[in-house]
Amino acid sequence: MPLLSMLCNKIRILCRMVKIEHSVFALPFAFMGAFAAAMGVPPARDLILLGIAMVCIRSFAMTFNRIVDVRYDRLNPRTATRPLITGEISPRAAWLFCAVMAIGFVASAAGMNMLCLALSPLVLFVAGFYSYTKRFTWLCHFVLGLLLAMAPMAGYLAVTAAFALPPMLLAAAVTFWVAGFDIFYSCQDVDFDQKHGLHSVPAHFGIPTGLVMAGFCHANTVIFLFLAGYGFGFAWPWHAVVAAVAAILVWEHRLVRPDDLTRVNLAFFTLNAVIALILFCGIAAAIFL
């Protein structure tokens with residue numbers, strides 16, 4: 001029992017380190033791509049492998065980010081309680097977990113089809129490369145967006161093993177959506193980033209301009225969501241849901257102001273989780289209605 005209790009505690013700490021609950025951002029988009037590719041319910045095997053792949057690649061990316069950013073996280077009061085800083089997880093255990101997640105991702109991609117397997121090293125590279133981008137460019141938000149944009153493409157490729165324009169339009173929407181809310185989130189660290197030579201849109205251009213650029217990103221999100229719907233030939237429920245998403249994004253921008261960042265977490269996690277889930281429901285409704 002003590003061994004089991006210790007194992008459960010380590011798993012809990014690992015889940016906290018990678019913020020497993022934030023998988024709600026990627027999983028709905030991966031399943032959206034799969035449902036759109038099948039124009040119905042995809043095979044259960046594809047959905048299971050896709051779910052495993054998404055959890056693995058996200059856990060790999062988060063763990064790798066925690067490892068390479070440990071010296072910055074130790075200095076930042078907002079991140080000083082992360083498990084690698086407090087010693088709850090050792091660097092060796094983190095690297096081991098990172099390797100296991102990478103192997104799990106490649107194995108699940110291989111189970112889908114050969115195209116997914118061939119692309120898996122590229123996805124791993126982008127997932128790792130993102131962690132370094134904040135050191136040299138304020139475009140880091142868009143690299144993160146590109147990484148999550150691979151989710152709908154992965155779902156589509158898992159079912160069809162072929163590229164097409166509509167899922168690329170959906171991926172473009174995800175890129176701008178993620179970049180926009182990541183700009184929101186990085187507003188909290190402007191002073192720290194400027195002091196330590198780290199790059200972000202708010203640190204480079206200032207918070208007011210950063211929020212304007214986030215608005216530009218989210219306007220593009222809505223445009224690409226509508227275009228993706230037309231490309232897939234979705235029925236009216238999709239467009240109704242996209243209009244609802246546009247309204248939520250407007251609400252987000254009303255919540256976060258240059259002189260009041262207290263509601264960043266509400267805009268970042270709660271509302272964006274809602275957006276991901278209702279977009280999945282929108283695709284399901286558009287297909288089945």
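Points worth noting:
- From the coordinates of this entry, P(r) over Cα pairs in 10 Å bins from 0, in percent is computed, and it appears in (1) 5, 20, 22, 20, 16, 10, 5, 2, 0, 0, 0; (2) 6, 31, 37, 20, 5, 1; (3) 6, 28, 34, 23, 8, 0 under the label (3).
- For N113, the amide hydrogen comes within under 5 Å of no other amide hydrogen, counting only partners 5 or more places away or on other chains and with H modelled in the peptide plane.
- Rounded, prolate or oblate (a/c below 1.5 giving rounded, otherwise prolate when a/b exceeds b/c) for segment 97-162 by Cα gyration tensor: oblate
- Solvent-accessible area, 1.4 Å probe, carbon plus sulfur percent, for segment 18-288: 72
- Accessible-area rank, largest first, for F60, F163, F31: F163, F31, F60, with all protein chains present and a 1.4 angstrom probe.
- For segment 66-173, applying the loop criterion from DSSP together with a ceiling of 11 other beta carbons within 10 Å to the trypsin sites (Lys or Arg not before Pro) yields R78.
- Extension reserve of the A235-R254 stretch, reckoned as 0.36 nm per residue once the Cα distance is removed: 3.8 nm
- Based on DSSP H segments of at least four residues, each scored -39500 (n - 2.57), the chain has a per-residue ellipticity at 222 nm of -25500 deg cm²/dmol.
- Cα centroid of segment 210-269 to Cα centroid of segment 145-160, whole Å: 20
- Nearest-20 debye value, the chain charge dipole, Cβ charges on Lys, Arg, Asp, Glu: 600
- Calculated on alpha-carbon atoms, Rg and Dmax of segment 172-228 in Å: 12.3, 41
- Taking 0.36 nm per residue of sequence separation and removing the Cα-Cα distance, the T137/L75 pair yields an extension gain of 20.3 nm.
The values are calculated or read from the model by the stated rules, or taken from the named source; none is laboratory data. As the structure is a computational prediction, the values presented were derived from the model and not from experiment. As a convention, Cβ positions derive from the backbone with ideal geometry for all residues, glycine included, and neighbour counts pool all protein chains shown. The protein model used for the area step is the full one, side chains on, heavy atoms only, and it has no ligands, DNA or RNA in it. Shrake-Rupley method; radii C 1.70, N 1.55, O 1.52, S 1.80 Å.
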